[in-house]
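I have placed the structure first, in the form of structure tokens, so that the comments after it can refer back to it.
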Amino acid sequence: MKTLPRALVATALTAGSFFATAQTMKPGLWEINNKMTTQSGEMEKGMAEMQKQLASMPPEQRKMMEDMMAKQGIAKGSAGAPGAMSAKVCMTREMVERNDVMAQEGDCQNTSSPRMGNTMKFSFVCTKPPSTGEGQVTFVSPEAYTMKMTINSTVKGKPETMKMDASGKFLSSECGNVKPLVMPKK
């Protein structure tokens with residue numbers, strides 16, 4: 001993941017949960033599964049290399065790294081396929097009732113269309129990191145959704161397009177040791 005700015009990857013990993021909160025989702029612990037692909041393939045190469053390095057670590061060191069990632073709610077997704085990640089996110093009642101889209105890390109402006117049936121479209125423009133994106137969330141139920149998103153940015157002076165397919169699944173009304181993400185001030 002050396003090629004994409006960490007803030008951009010973090011934005012992509014959590015975006016699905018926040019765009020979903022804009023509609024009647026259940027508060028509690030959610031599992032968000034993301035599959036990301038880039039036009040250049042650089043992110044996938046970086047993630048594959050990271051997974052190789054993790055696999056080659058002595059078992060106790062690998063467990064320590066996996067435990068550290070798990071404490072942040074992050075795990076490899078889809079049998080460790082490059083670009084696939086899973087994150088556990090705690091959505092509070094306030095986040096769900098706020099009924100708006102959360103701004104990503106950095107300076108971002110978000111817009112979302114009114115929900116049409118079970119679908120909502122959204123877009124964003126960020127200056128830090130410089131990026132734009134758009135997508136669509138399909139609400140399957142108050143306990144599940146799917147999302148498709150495209151993010152355009154510049155990496156090492158070259159334009160980069162990242163596509164993300166995500167799904168969210170409600171796990172529990174109790175978040176356990178997963179802390180809610182910080183909501184931006186209105």
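In segment 56-70, how many residues are part of a helix (DSSP H, G or I), aliphatic (A, V, I, L, M) and either surrounded by 11 or more Cβ atoms within 10 Å (Cβ to Cβ) or on the phi > 0 side of the Ramachandran plot (or both)?
The total comes to 4.
I'd like the residue in segment 115-165 that is in contact (Cβ under 8 Å) with a residue 24 or more places away in the chain and of a type in the set (S, T, N, Q) and, out of all such residues, is nearest to T24 (Cα to Cα).
S131
Condition check: within 16 Å of I32 (Cβ to Cβ), modelled with pLDDT under 80 and either more than 16 Å from the chain's Cα centre (by Cα) or not aliphatic (A, V, I, L, M) (or both). Does V101 satisfy that?
So V101 fails the test.
Is it the case that some residue within segment 76-93 is exposed (fewer than 15 other Cβ atoms within 10 Å of the Cβ), part of a loop (DSSP other than H, G, I, E, B), modelled with pLDDT under 80 and not β-branched (V, I, T)?
yes
Just checking, which of M69, M43, M64 is out of contact with any Asp or Glu (no Cβ under 6 Å at 6 or more places or on another chain), in contact (Cβ under 8 Å) with a residue 24 or more places away in the chain and not acidic (D, E)?
None of the other options fit; the residue is M43.
Criterion first (out of contact with any Phe, Trp or Tyr (no Cβ under 7 Å at 6 or more places or on another chain), loosely packed, with under 15 Cβ neighbours inside 10 Å, under 13 Å from T38 (Cβ atoms) and modelled with pLDDT of 90 or more) does T161 satisfy it?
So T161 fits the description; yes.
Considering only residues that are surrounded by 15 or more Cβ atoms within 10 Å (Cβ to Cβ) and not in a strand (DSSP E or B), which ones fall in segment 22-38?
Hits for segment 22-38 are A22, Q23, M25, K26, P27.
In this structure, is G133 on the phi > 0 side of the Ramachandran plot and either among the small types (G, A, S) or surrounded by 14 or more Cβ atoms within 10 Å (Cβ to Cβ) (or both)?
No: the conditions fail for G133.
Conditions tested, residue by residue: (1) out of contact with any Cys (no Cβ under 9 Å at 6 or more places or on another chain); (2) at pLDDT 80 or above; (3) within 30 Å of G157 (Cβ to Cβ).
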position: A22; (1), (2), (3): yes, no, no
position: G28; (1), (2), (3): no, yes, no
position: M36; (1), (2), (3): yes, yes, yes
position: Q39; (1), (2), (3): yes, yes, yes
position: E44; (1), (2), (3): yes, no, yes
position: L54; (1), (2), (3): yes, no, yes
position: P59; (1), (2), (3): yes, yes, no
position: I74; (1), (2), (3): yes, no, yes
position: E97; (1), (2), (3): yes, no, no
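The values are calculated or read from the model by the stated rules, or taken from the named source; none is laboratory data. Everything numeric here is computed off the predicted structure, so don't read it as measured data. Reconstructed Cβ throughout: ideal geometry from the backbone, glycine too, with neighbour counts over all protein chains shown.
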